[in-house]
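Some notes on the structure that comes next.
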Amino acid sequence: MKSALKLSVVIAIFAASALAQKGIDTQTQRIKQDANRTTTREGDANRSFDWGKGKTKVRDRLDNPYRFTSRRDALIETIVLALKERNMVIDDAATRLRDGIIVTQPYVFAKGPVTTPGELSRYADLAAGGTAWTRGQYTLTVEVQPIDGIRNNVSVVAKVEGRSGNGLQSEWTTVQSSGLAEDEFLAKLVELVTGNSPDTPQDTGEKPK
């Protein structure tokens, strides 16, 4: 009788131990599953965000000469207006309106040794070097070339200059135009003639990737 009782106690102990071990295994497995679920989740650092790239297209430079559909006299008046809106002064001595040629006085777009190098590098193709630029300016020559009664080509040429010096003396140096000054003026003229700015952001219709 005592042997049977001892055997029952032993069996009960083993059963309890087995159940406890089974519970631990189940809990361990659940923890591992939760860990795998967490580590396989796509992290924020790996996600792809679209910041609007591909939506706005940076336009190409306008044609120079640029063809306008407008009467020659009206186009010349608009050119004069465009120059005034850009705070540029016409050089009356060099301008020949009858011939469709308008020349401006030098327009200073940069002053000071801090901002001039950066601005000048936008409006001109500068050679590598340690020139201490202190000012930048350009002069525009705008010419209207008639095609027929209602169509005209407008060409724009910019003479870009940079001023450099060492504190004792300074001089203006003509540098190669990058085409930016010409393009900016043509964009303004297109806006005044057509009512639409070529610099208005364009939606390419592309879907974000």
What size of dipole, in debye to the nearest 20, comes out for segment 66-194 about its Cα centre when the only charges are +1 on Lys and Arg C-beta atoms and -1 on Asp and Glu C-beta atoms? 80
Given q = 0.17 Å⁻¹, what are the Debye log10 I(q)/I(0) values for segment 66-194, with equal point scatterers placed on the Cα positions and solvent ignored? -0.85
7 Å from Cα along Cα→Cβ at both THR115 and ALA132: what's the point-to-point distance in nm? 2.1
Expected sort for TYR123, TYR66 with the fewest Cβ neighbours (10 Å cutoff) up front is TYR66, TYR123
Segment ALA74-ASN196, extension gain: residue separation times 0.36 nm, minus the distance between their alpha carbons: 42.2 nm
Distance between modelled label sites at VAL89 and GLN105, nm, 7 Å Cα→Cβ extension: 0.1
Taking the Cβ of each residue in LYS84, LYS188 as the centre, tally the other Cβ atoms inside 10 Å and list the residues starting with the fewest. LYS84, LYS188
Sites ARG67 and GLN169 - FRET efficiency at Förster radius 35 Å, r taken between beta-carbons, to 0.05: 0.15
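Read-outs throughout are calculated quantities, based only on the coordinates presented, and are distinct from any laboratory measurement. Just so we're clear, the structure is a prediction, and the values are computed from it rather than from any experiment. All Cβ positions, glycine included, derive from the backbone under ideal geometry; neighbour counts span all protein chains shown.
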